[in-house]
Amino acid sequence: MRIALISDVHANLRALEAVLLHIVSGGPVDAVYHAGDVVGYGPEPTECVELLNKECAANIAGNHDHGVTGKESIESFNPIAVQAIEWTREHISKEALESLGSLERARKIEKHEILLSHGSPAFADRWEYVMSVLNMKTALEATSERFCVIGHSHMPFVTELDKEGNINPYGKGPGKVYIKPDSRYLINAGSVGQPRDQDPRAAYVLMDDESIEVVRVEYDIEATSRRMLDVGLHLALSERIKYGF
Ligand code: ZN
């Protein structure tokens with residue numbers, strides 16, 4: 001088994017292409033799974049929906065996807081995110097919008113013992129960030145799958161719940177976390193299109209039978225940043241991707 005876990009593409013096509021190329025450069029993968037937020041913030045929503053539909057074996061909705069499709073009120077979003085959502089609604093193709101609207105909030109992939117959930121799977125009715133060890137424990141205790149794969153915070157990590165019930169947060173790499181037979185894992189795939197852990201490189205996670213690893217990939221950040229300004233997205237969005245916050 002060799003699987004790639006990605007999340008929070010946020011309509012950044014250059015970052016998505018770089019990650020997909022990097023994934024296959026290491027050998028074939030059985031599947032690529034995306035944990036939500038295909039659009040919002042970035043300049044290429046339609047292209048990213050189309051590419052993920054082609055390359056991902058499973059995808060789910062994030063809060064920005066629901067914001068764009070109108071499945072969810074955007075009242076709680078900050079003004080810059082609202083502006084990006086309104087821009088996305090004006091520029092996304094009808095087909096891509098319909099495709100986003102069909103995404104579920106969570107999805108089980110039984111053959112790989114995975115649950116995909118954009119925010120914490122402990123709270124299906126809201127988009128909860130998982131940032132603290134307590135939240136990690138709550139998320140793992142609310143699920144039974146061997147691997148729970150999330151996104152939302154744009155900060156990658158791998159956390160183990162061992163058979164004694166201890167939480168072992170391994171952080172965000174680099175280096176592999178070796179899979180133990182009796183443990184369960186909470187994996188945040190980080191963000192392809194807008195990392196927020198002070199590392200502007202695109203993030204994703206590679207998993208095989210033995211290990212889980214957070215991987216970082218360089219892409220043409222300047223080009224995406226310029227494009228964001230050219231199409232009328234906010235300066236703050238085009239700047240933050242250069243710094244990874
Ligand atoms: Zn996001």
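For beta carbons closer than 7 Å, sequence separation of 6+ or different chains, a first residue in segment 182-193 that is at pLDDT 95 or above and a second that is more than 16 Å from the ligand (Cβ to nearest atom) and small (G, A, S), the qualifying pairs are L186/A139.
Please go through segment 38-62 and pick out each residue that is acidic (D, E) and in a helix (DSSP H, G or I). Once the filter is applied, which keeps residues that are acidic (D, E) and in a helix (DSSP H, G or I), segment 38-62 yields E47, E50, E55.
Within segment 205-235, the set of residues being closer than 20 Å to M1 by Cα, surrounded by fewer than 18 Cβ atoms within 10 Å (Cβ to Cβ) and not acidic (D, E) comprises S211 only. Please tell me if E128 is within 16 Å of the ligand (Cβ to nearest atom) and among the acidic types (D, E). For E128, the condition - within 16 Å of the ligand (Cβ to nearest atom) and among the acidic types (D, E) - is met. G171 passes every criterion in (1) under 18 Å from D37 (Cα atoms); (2) at pLDDT below 95; (3) of a type outside the set (S, T, N, Q) apart from (1).
Taking into account only those residues within segment 14-28 that are touching a residue at least 40 places away in the same chain (Cβ under 8 Å) and away from the ligand (no atom under 16 Å from the Cβ), which is farthest from the chain's Cα centre (by Cα)? Among those that are touching a residue at least 40 places away in the same chain (Cβ under 8 Å) and away from the ligand (no atom under 16 Å from the Cβ), it is G26. Quick check: is even one residue across segment 210-221 in a helix (DSSP H, G or I) and closer than 27 Å to P45 by Cβ? Within segment 210-221, one or more residues are in a helix (DSSP H, G or I) and closer than 27 Å to P45 by Cβ.
Would you say A4 is away from the ligand (no atom under 16 Å from the Cβ), small (G, A, S) and surrounded by 23 or more Cβ atoms within 10 Å (Cβ to Cβ)? Yes, satisfied. Considering segment 29-55, the residues that are hydrophobic (A, V, I, L, M, F, W, C) and away from the ligand (no atom under 16 Å from the Cβ) include one that is farthest from the chain's Cα centre (by Cα), namely V29. Residues in segment 212-245 that are among the aromatic types (F, W, Y) and either in contact with a helix residue (DSSP H, G or I) (Cβ under 6 Å, 6 or more places away or on another chain) or at pLDDT below 95 (or both) were compared, and the one that is nearest to V82 (Cα to Cα) is F245.
The values are calculated or read from the model by the stated rules, or taken from the named source; none is laboratory data. Please read all numbers here as calculations on a predicted model, not as lab measurements. Cβ sites come from the backbone with ideal geometry, for glycine too, and all protein chains shown count toward neighbours.
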